[in-house]
Amino acid sequence: MQPLWCVVPAAGRGTRVGGDLPKQYLSLAGRPLILHTLDRLAAHPMIAGLMVVLGAADGHWPSIDSIHGKPVRTAIGGAERCDSVLAGLHALPVDVHDDTFVLVHDAARPCVREADITRLIELGVPAGGGLLGAPLRDTLKRAGGDGRSHETEPRDHRWRAFTPQMFRRSDLCAALQAASAAGITVSDEAMAMERAGFAPLLVEGAEDNIKVTTAADFALAEFLLPRTR
């Protein structure tokens, strides 16, 4: 099949890390976090190009236009992740047709494995779309307002959702627009597709495909980077 474009939403501020610099530009192993992520994606033979969605006032983007010979394009995002993904989908090149599959990947997931991306594409395309994830293995507790555990939740059939997530361009655009029109802020692309009546395929991936969210995650990601190729 033809290589696919990947939309990378990177318009957020990453406030949980702290500091004035957006999380995606903080240093990880000597380079900005986002460059590790883009490098990992562009190195994959089944990825054709990257659409990076930036904040309107982003003054830190290094203005690169290619990585590993793959084109890197940019678009301006919105207030929420879902708005940025939609902006990125609209900004894709004209040769990315409505029925073409498109990947969406978090800028803060630099440790995604090449084999997992391959598996998602190989299994997700015939299934009509899917996402990387992992079955929930820990015991799950429901906390009360007092900070105490009040109930143990069943973990059967529950998964943690990762990225990339992959859907047809037109289907994902329509699903995101419908959620927005209903006043619902979806937390990921699969949630929008579920609301639209789809049942995305869950493709198990490595659990070290972490999302760098807190300051402590940077040390873990630096440890994992050379071990997740």
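Taking the options Gly12, Gly59, name whichever one is outside any strand (DSSP E or B) and more than 23 Å from Ala178 (Cα to Cα).
Gly59
Asp217 is checked against (1) more than 29 Å from Pro93 (Cα to Cα); (2) in a helix (DSSP H, G or I); (3) more than 17 Å from the chain's Cα centre (by Cα) and fails just one. What number does that condition carry?
Only one criterion in (1) more than 29 Å from Pro93 (Cα to Cα); (2) in a helix (DSSP H, G or I); (3) more than 17 Å from the chain's Cα centre (by Cα) is unmet by Asp217, namely (3).
In region 79-94, which residues are at pLDDT 95 or above and part of a loop (DSSP other than H, G, I, E, B)?
Glu80, Ala91, Leu92, Pro93, Val94
Take the residues of region 150-185 that are part of a helix (DSSP H, G or I) and of a type outside the set (A, V, I, L, M, F, W, C): which is nearest to the chain's Cα centre (by Cα)?
Across region 150-185, the extreme among qualifying residues is Arg169.
Matching residues to (1) in contact (Cβ under 8 Å) with a residue 24 or more places away in the chain; (2) surrounded by 13 or more Cβ atoms within 10 Å (Cβ to Cβ); (3) more than 28 Å from Pro126 (Cα to Cα):
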{"site": "Val8", "(1), (2), (3)": "yes, yes, no"}
{"site": "Asp20", "(1), (2), (3)": "no, no, yes"}
{"site": "Lys23", "(1), (2), (3)": "yes, yes, yes"}
{"site": "Leu28", "(1), (2), (3)": "yes, yes, yes"}
{"site": "Leu38", "(1), (2), (3)": "yes, yes, no"}
{"site": "Ile47", "(1), (2), (3)": "yes, yes, no"}
{"site": "Ser63", "(1), (2), (3)": "no, no, yes"}
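In the set Gly129, Gly144, Gly205, which member is surrounded by fewer than 19 Cβ atoms within 10 Å (Cβ to Cβ), at pLDDT 95 or above and not β-branched (Val, Ile, Thr)?
That would be Gly144, the only listed residue that is surrounded by fewer than 19 Cβ atoms within 10 Å (Cβ to Cβ), at pLDDT 95 or above and not β-branched (Val, Ile, Thr).
Among the residues of region 147-165, what is the count of those that are crowded, with 16+ Cβ neighbours inside 10 Å and farther than 27 Å from Ile34 by Cβ?
Number satisfying all stated conditions: 0.
Being touching a Ser or Thr at 6+ places or on another chain (Cβ under 9 Å), outside any helix (DSSP H, G or I), farther than 18 Å from Tyr25 by Cβ and of a type in the set (D, E, K, R) is the filter here, so list the residues in region 187-214 that pass it.
Residues satisfying the conditions are Asp188, Asp208.
The values are calculated or read from the model by the stated rules, or taken from the named source; none is laboratory data. Just so you know, these numbers come straight off a predicted model, no measurement behind them. Cβ atoms come from the backbone with ideal geometry, glycine included; neighbour counts cover every protein chain shown.
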